[in-house]
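Inspection log for the structure reproduced underneath, given as structure tokens.
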Amino acid sequence: MLIMGVTKKMKFFKRCILAGVALLGSMGVTAQAETQMQTMLGDAPSVPKNIVIMIGDGMGPAYTSAYRYYKDNPDTQEIEQTVFDRLLVGTSSTYPARVSGYVTDSAASATALATGTKTYNGAISVDTNKQPIATIMEKAKALGLSTGVAVTSQINHATPAAFLSHNESRSNYDELAHSYLKTDADVMLGGGQKYFPASLIKKFEAKGYQYISDFNQLDSVKQGKVIGLFADVQLPWAIDDSDSNKLSKMTTKALALLSQNDLGFVLLVEGSLIDWAGHNNDIATAMGEMEEFANAIEVVEQYIRKNNDTLMVVTADHNTGGLSIGANGEYSWDTSIIRGVQASPDVIASDALANGDWRARVTLNLGFEPNDDELSQLSRARMQGKEVMSTSIKQLIDSRSNTGWTTVGHTGVDVQVFAMGPAASLFSGYQDNTDIATKLISLLPKKKL
């Protein structure tokens, strides 16, 4: 019995030693990773001078996974990482104030991310009593920092509006546009010409803003305040845009202009149209918007490598569409179908309606040849107009790629959080979207007494 007792103790001691070795090994790997990050960023400060907040509107977890497989090289054994895989640190819940239940809209979620306060769906940085709540942009401005937004929607859409202004309803676009005169934001880039008439633009110019409406003019802006509106409402779908990477170019220009302030800046960048493609249950267009947003993230990633006093936090405001990678009980998802699509379903539909030889045009734009049954369905849809034809094309792409959707609205799932730069570790693990705002606001410089 004594020998058996000794044997058990020896085995336990051995397991402890092995566990200790394993722990030390893992610590070594962690330390090595941290050392590599320190080498990459140099002697980065513990608190950032600049903050870049990037929101993929509607970009639930399935979107980042789908983008990984969409970008994967099928000729290699390895599935390559994306920028989202590299920068992933945590997750965030997105629910609104209790009065609106569990599923948020963009306005309530953006308010949470901009102010740290829950509110009702539709609210633009006002609380449930419709009282204004100070935003991170307003707090930054009060401290002398520069502020800006670069988005692919209209600049007075829900997300940018919640960072810049206050209103009881996101639908009050004209009121929001006029309210931007009071924000003193340094850079506002995106769409929305429809909401900013010449009379309003003159008021911005009187306050020292340079106004540009042609995207090619962006390069000529070297300093000062700028409002750039490059479309009537939203910017073109990335999949249809011959002048691609507009969000990356706006982000690059915003960084260049805002960094001229020695006190620092806060910049919001939004991949707005990911959400719009999700509402349309349009996987090909959604992946184009994901690529547009990923490229903009990489612009900021490279900026941080050269400016290690800058923090980037990337997240989504909610999930849109209930995208599923695989559907109909089949264990497959064919990205080659999605990668082959040459234009958005809306453009393909318009082209089909305008051409007598529409079958050949649809085949060319889809990148695959529909079979007889699929052509019959498309033919019937074509006779009912553009909207029905576009829907039929989306359904065909879904069927061929085995893509699934559960809704044309939002869902209540948690979203991912990605971060890089000083204090990035604050955003690790689970948090609420209000926590993200609270942490970011706490990183602003303190008021000098």
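Given the residues Ser146, Ser125, which is the only one that is among the polar types (S, T, N, Q), surrounded by 22 or more Cβ atoms within 10 Å (Cβ to Cβ) and closer than 23 Å to Gln260 by Cα?
On the way: Ser125 fails: closer than 23 Å to Gln260 by Cα.
None of the other options fit; the residue is Ser146.
Would you pick out the residues in region 354-389 that are within 35 Å of the chain's Cα centre (by Cα) and of a type in the set (A, V, I, L, M)?
Result: Ala354, Val362, Leu364, Leu366, Leu378, Ala381, Val388, Met389.
Rundown of residues vs (1) under 21 Å from the mean Cα position of the chain (by Cα); (2) more than 20 Å from Leu145 (Cβ to Cβ), yes/no style:
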{"position": "Lys182", "(1), (2)": "no, no"}
{"position": "Met188", "(1), (2)": "yes, no"}
{"position": "Lys194", "(1), (2)": "no, yes"}
{"position": "Ser199", "(1), (2)": "no, yes"}
{"position": "Gln217", "(1), (2)": "no, yes"}
{"position": "Ser242", "(1), (2)": "no, yes"}
{"position": "Thr252", "(1), (2)": "yes, no"}
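Taking Pro48 and the conditions (1) under 23 Å from Thr91 (Cα atoms); (2) assigned to a loop (DSSP other than H, G, I, E, B); (3) without any contact (Cβ under 8 Å) to a residue 24 or more places away in the chain; (4) not aliphatic (A, V, I, L, M), which numbered condition does it fall short on, given that it satisfies the others?
(3)
Only one residue in Ser376, Ser344, Ser399, Ser442 is of a type in the set (Gly, Ala, Ser) and buried (at least 16 other Cβ atoms within 10 Å of the Cβ). Which one? Reasoning before the result, please.
Values: Ser376 fails: buried (at least 16 other Cβ atoms within 10 Å of the Cβ); Ser399 fails: buried (at least 16 other Cβ atoms within 10 Å of the Cβ); Ser442 fails: buried (at least 16 other Cβ atoms within 10 Å of the Cβ).
The unique qualifying residue is Ser344.
Scan Thr335, Thr363, Thr320 and give me the residue that is of a type in the set (Val, Ile, Thr) and assigned by TED's automatic domain parsing to the domain that holds Ile239.
Thr320
For region 90-100, how many residues are touching a Gly at 6+ places or on another chain (Cβ under 8 Å) and not hydroxyl-bearing (Ser, Thr, Tyr)?
Matching residues across region 90-100 total 1.
Restricting attention to region 289-331, which residues are aliphatic (A, V, I, L, M) and in contact with an Asp or Glu (Cβ under 8 Å, 6 or more places away or on another chain)?
Passing the criteria: Met312, Ala316, Ala327.
Identify all residues within region 127-137 that are outside any loop (DSSP other than H, G, I, E, B) and over 27 Å from Asp232 (Cα atoms); write none if there are none.
Of region 127-137, the ones outside any loop (DSSP other than H, G, I, E, B) are 132, 136-137.
Listed by number, the residues that qualify are Pro132, Ile136.
Any idea which of (1) surrounded by fewer than 22 Cβ atoms within 10 Å (Cβ to Cβ); (2) farther than 30 Å from Gly340 by Cα; (3) of a type outside the set (Phe, Trp, Tyr) is the one Asn73 doesn't satisfy?
(2)
Within region 307-343, how many residues are of a type outside the set (A, V, I, L, M, F, W, C) and in contact with a Leu (Cβ under 8 Å, 6 or more places away or on another chain)?
Within region 307-343, residues that are of a type outside the set (A, V, I, L, M, F, W, C) and in contact with a Leu (Cβ under 8 Å, 6 or more places away or on another chain) number 5.
Output the residues belonging to region 187-202 that are surrounded by fewer than 23 Cβ atoms within 10 Å (Cβ to Cβ) and more than 14 Å from Gln234 (Cα to Cα). Walk me through how you get there before you give the answer.
Taking region 187-202 and keeping what is surrounded by fewer than 23 Cβ atoms within 10 Å (Cβ to Cβ), we get 193-195, 197-202.
Listed by number, the residues that qualify are Pro197, Ala198, Ser199, Leu200, Ile201, Lys202.
Any idea which of (1) surrounded by 15 or more Cβ atoms within 10 Å (Cβ to Cβ); (2) assigned to a loop (DSSP other than H, G, I, E, B); (3) not aromatic (Phe, Trp, Tyr) is the one Glu369 doesn't satisfy?
Tallying (1) surrounded by 15 or more Cβ atoms within 10 Å (Cβ to Cβ); (2) assigned to a loop (DSSP other than H, G, I, E, B); (3) not aromatic (Phe, Trp, Tyr), Glu369 fails exactly one: (1).
Being part of a loop (DSSP other than H, G, I, E, B), in contact with an Asp or Glu (Cβ under 9 Å, 6 or more places away or on another chain) and of a type outside the set (D, E, K, R) narrows it down to one residue among Gly148, Gly144, Gly122; which is it?
One residue alone meets the criteria, Gly122.
Which of the helices (runs of 4 or more DSSP H) found entirely inside region 207-310 contain at least 2 residues meeting this: in contact (Cβ under 8 Å) with a residue 60 or more places away in the chain and under 24 Å from Thr407 (Cα atoms)?
In region 207-310, 273-279, 283-306 are the helices (runs of 4 or more DSSP H) which contain 2 or more residues that are in contact (Cβ under 8 Å) with a residue 60 or more places away in the chain and under 24 Å from Thr407 (Cα atoms).
Taking His178 as meeting all but one of (1) surrounded by fewer than 24 Cβ atoms within 10 Å (Cβ to Cβ); (2) assigned to a helix (DSSP H, G or I); (3) in contact (Cβ under 8 Å) with a residue 24 or more places away in the chain, write down the number of the exception.
Failing condition for His178: (3).
Among the residues of region 51-72, are any of a type in the set (Ser, Thr, Tyr), assigned to a loop (DSSP other than H, G, I, E, B) and either modelled with pLDDT of 50 or more or touching a His at 6+ places or on another chain (Cβ under 9 Å) (or both)?
no
Has region 43-59 got at least one residue that is farther than 30 Å from Leu263 by Cα and either surrounded by fewer than 22 Cβ atoms within 10 Å (Cβ to Cβ) or not aliphatic (A, V, I, L, M) (or both)?
yes
All but one of (1) surrounded by 21 or more Cβ atoms within 10 Å (Cβ to Cβ); (2) in the same structural domain as Ala277 (by TED's automatic domain parsing) hold for Ala381; state the number of the condition that does not hold.
If we test Ala381 against (1) surrounded by 21 or more Cβ atoms within 10 Å (Cβ to Cβ); (2) in the same structural domain as Ala277 (by TED's automatic domain parsing), just (2) comes out false.
Go over the candidates Asp346, Asp262 one by one and state the one that is closer than 30 Å to Val103 by Cα and charged (D, E, K, R). Walk me through how you get there before you give the answer.
Values: Asp262 fails: closer than 30 Å to Val103 by Cα.
Of the residues listed, the single one that is closer than 30 Å to Val103 by Cα and charged (D, E, K, R) is Asp346.
The values are calculated or read from the model by the stated rules, or taken from the named source; none is laboratory data. Since this is a predicted model, take the numbers as computed values, not measurements. Backbone-built Cβ (ideal geometry, glycine too); neighbour counts: all protein chains shown.
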